[in-house]
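The structure follows.
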Amino acid sequence: MELLQEIAATFAAIKANTPLVHHLTNYVTANDSANITLACGASPVMAADPGEATDMVAKAGALVLNIGTLNAAAVDTMIATGRRAGDLGVPIILDPVGAGATPARTDAAGRIVRETSPAVIRGNAAEIKTVAGLSAAIRGVDSAADEPGGEAVAAGLARRLGCVVALTGRTDIVAGAGRVCRIANGHPWLARVTGTGCMATSLIGCCLGAGASPYAAAVTGLVVMGVAGELAHRSLGPEDGIGTFRVKLFDAVFNLTPELLVSHAKISETRED
Amino acid sequence: MELLQEIAATFAAIKANTPLVHHLTNYVTANDSANITLACGASPVMAADPGEATDMVAKAGALVLNIGTLNAAAVDTMIATGRRAGDLGVPIILDPVGAGATPARTDAAGRIVRETSPAVIRGNAAEIKTVAGLSAAIRGVDSAADEPGGEAVAAGLARRLGCVVALTGRTDIVAGAGRVCRIANGHPWLARVTGTGCMATSLIGCCLGAGASPYAAAVTGLVVMGVAGELAHRSLGPEDGIGTFRVKLFDAVFNLTPELLVSHAKISETRED
Amino acid sequence: MELLQEIAATFAAIKANTPLVHHLTNYVTANDSANITLACGASPVMAADPGEATDMVAKAGALVLNIGTLNAAAVDTMIATGRRAGDLGVPIILDPVGAGATPARTDAAGRIVRETSPAVIRGNAAEIKTVAGLSAAIRGVDSAADEPGGEAVAAGLARRLGCVVALTGRTDIVAGAGRVCRIANGHPWLARVTGTGCMATSLIGCCLGAGASPYAAAVTGLVVMGVAGELAHRSLGPEDGIGTFRVKLFDAVFNLTPELLVSHAKISETRED
């Protein structure tokens, strides 16, 4: 199937299947993750207690692990839930928020990567570099700028771990087995709203839950977020700012159709032959 | 007093008394619960630490117990705070979010019901069935659809526990001592925004805090949420989606008057004589 | 430098320097604090785990300590992180949310004041009176009304602790060494949206992180919040309420310029000579 068709089919499958997407995520953007999941047609659940996380994942179509506000106990629960997901065949997406910013985050991301098998890892350039074992310029949880060489890093990490790596920045990169996709959608204001990275991760989780391959899921999720950013910004009046932009993001995802998505997608792909 | 008049009087009493509504709730929708409480004219507080929850409830007009993101320690605090509320005569509303989806949630809801005395229990059909000890079709925290026989289940549970049961769905049902009210307000998009169930629970808490009877509180809270959903949707433009709808929900509750509420209420009541 | 010029320079410095503002804050309004930080041009991070909070603060330009949903462990982490901030010269702003409402909150605020050295303390009249060791009328986390004598209390506390005290209410008061500034900006609806106090605290944190003096930071942060409230309310249509108002607050902060800020500022200052 051609990639554009696969994007359209993946997005349609979310609406057709309403997958349950289990989130172990942070308290800063949990509400946004839940609403973007609903906006695209899936169903979110956040059940992070060790007493129920492994039960809930058995009902889920995908598992989102996001270390935005981690603690030691939460990382243990993420790993236990991730392992159960692995046993059950529930695909995992990891968002290593702030990996590289503190040793605790770098360690947590590393442990989750080693002890579970994420189908997709999504982060900014500094986070992905950190997960790949390289040094990176990161202060907090925002990436200062695009790091050089992101594409090679993403492809190398994907190859090493046998998973898909989604590196978001001015141009998003999705690297899978022998394929790399560049996505030129998006808008600079997406970096001025908290949680848009987490929302992109949740969207990829929705695609995974709808049955897409990790590669198609990552490309589709990032195209959805990027196109929504463009449409949201286009709809603004001269007095509007990031408050209204953030609201319109949810509107845009909610109103997106497979056709609109494909007509706005700006993707290019390289395949190793 | 006629029910419609009671609704108007309850809503007016919130604005007149500005009750403090203490929430032990989840981190996903806590902000929404706080803002809807403010929108209707009450004052929210979220003080969930065992070191202060029982102190804070002494100042409150009502206590909201919401197990959306429970853990074992939080359930213990809910029960201790609920017992203190009982000693002080502060009415409790329980939202058994996701009861039935995992054993931990079912157990938590059961313990709270047994060890405190909720004035009102509000949930979707699957949650109420679970609290009533019946099996129910639930995946995560969203009810897939209206379960059959909800009215009988709600009335039976209300009778057994001696409390009011509010079962929300396409038609909302409020069952109290010998009375059942059906509320036909609302809009399908309410199910596409996270936290609208929690917000309905908070609104009922505001009504309880304003001194309404549990039955009048439950009916009023659900009519407010339903009418707000209708007004919010009516105010949307063709490009708007759930992002704008969610914002307009708060506007609608904020701008509601007792008169508007009564003129939009679609209720029917059955009484056992 | 004249105070108005200092306000303009402080606000411009945020945009020029993009300071990282580390928040140990509550789960109810963390998203709002993050977005208001981004709106004014700074970068937020919330890393509250004891395993990383002291590492993250080393990268930050300012530290926000907000006890909105405190617990004993979190207070210990706040103190440890505050001490490290002190060692590193990272300025601290304390928001003693709900101090006076429960013994736990009063004690937590007292411990943080004694064991760290906040550059600024921001609270409503009841919270500031409580920190000053006076009795105050407070129920939950909202101040019922302006308490009398706020200016003398703020000035006395500032003198005793050698810090800046920002007391927000109908008129905001900033008291520093031998100077008191009154700020008459704002709008009553700011009290009808949850988290506007927390957001004001975050804005002051952004100013501190941009290198402003504690006094200039407090005045600038409160002028930004007050002017944004005015501009947000002015932009509303007749059907809008606090939902839209809240969205427009972020727009207003995002679109503010140093020139706009100065032209709308309503400040008056008294200096001891």
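If we count other beta carbons within 10 Å of each Cβ, what is the order of C:Ser268, B:Ser202, B:Ser43, B:Ser213, fewest first?
The fewest-first ordering by Cβ neighbours comes to C:Ser268, B:Ser213, B:Ser43, B:Ser202.
Give me the tail of P(r) for the range B:1-105 as a percent: Cα-Cα pairs with distance above 23 Å.
Across the range B:1-105, Cα pairs with separations above 23 Å total 30 percent.
Greater than 20 Å separation of Cα atoms is the criterion. Which listed pairs, A:Lys15/A:Lys59; A:Lys15/B:Lys129; B:Lys129/B:Lys248; C:Lys129/C:Lys266, meet it?
A:Lys15/B:Lys129; B:Lys129/B:Lys248; C:Lys129/C:Lys266
Sticking with this structure for a sec: Considering every residue in B:59-67, what mean count of other chain Cβ atoms within 10 Å of its Cβ is obtained?
Counting Cβ atoms of other protein chains within 10 Å of each residue's Cβ and averaging gives 1.
Sorting B:Thr130, C:Thr201 on the 10 Å Cβ count, fewest up front, what's the list?
With the fewest neighbours first, B:Thr130, C:Thr201 line up as B:Thr130, C:Thr201.
On to the next question. For the protein assembly as shown, what is the Kirkwood estimate of the hydrodynamic radius, computed as the reciprocal of the mean inverse distance between distinct Cα atoms, to one decimal in Å?
Across the protein assembly as shown, the inverse of the average 1/r is 26.6 Å.
Tally the DSSP beta bridges in chain B and give the antiparallel ones as a percent, rounded to 5.
Counting DSSP beta bridges with both partners in chain B, the antiparallel share is about 40 percent.
Let me ask something additional. If the viscosity is 0.692 mPa s and the temperature 37 °C, what Stokes-Einstein diffusion coefficient in µm²/s follows for the range B:3-267 when Rh is the Kirkwood radius over Cα pairs?
For these conditions, the coefficient is 185 µm²/s.
I need the fraction of alpha carbon pairs in the range B:28-186 separated by more than 18 Å, rounded to a whole percent.
58
Also: Report the Cα-based extents of the range B:146-208 along its three principal axes, largest first, to the nearest Å.
On the principal axes, the range B:146-208 reaches 32, 28, 16 Å in Cα extent.
Additional query: Between copies, how close do the B:Lys15 label points come, placed 7 Å along Cα→Cβ, listed in nm from shortest?
For B:Lys15, the inter-copy label distances come out at 4.0, 4.0 nm.
What average number of partner chain Cβ atoms lie no more than 10 Å from the Cβ of the residues making up A:105-116?
1
For A:249-260, what's the mean count of beta carbons from other chains sitting within 10 Å of each residue's beta carbon?
Other-chain Cβ atoms within 10 Å of each residue's Cβ, averaged: 4.
Now for a different question. Which value, in debye to the nearest 20, gives the size of the charge dipole of chain C about its Cα centre, when Lys and Arg are +1 and Asp and Glu are -1 at the Cβ?
220
Name the chain B residue nearest the rotation axis between B and C, going by Cβ position, and give the distance in whole Å.
Closest to the rotation axis on chain B: B:Tyr27, 2.
I would also like to ask the following. Largest first and in whole Å, give the semi-axes of the range A:127-273's equivalent ellipsoid, each being the square root of 5 times a Cα gyration tensor eigenvalue.
Value: 26, 19, 12 Å, ordered largest first.
Rule-based calculations on the coordinates, nothing more; no lab input. None of the values given here were measured: they were computed from a predicted structure. In this analysis, Cβ positions are derived from the backbone assuming ideal geometry, glycine residues included, and neighbour counts consider all displayed protein chains.
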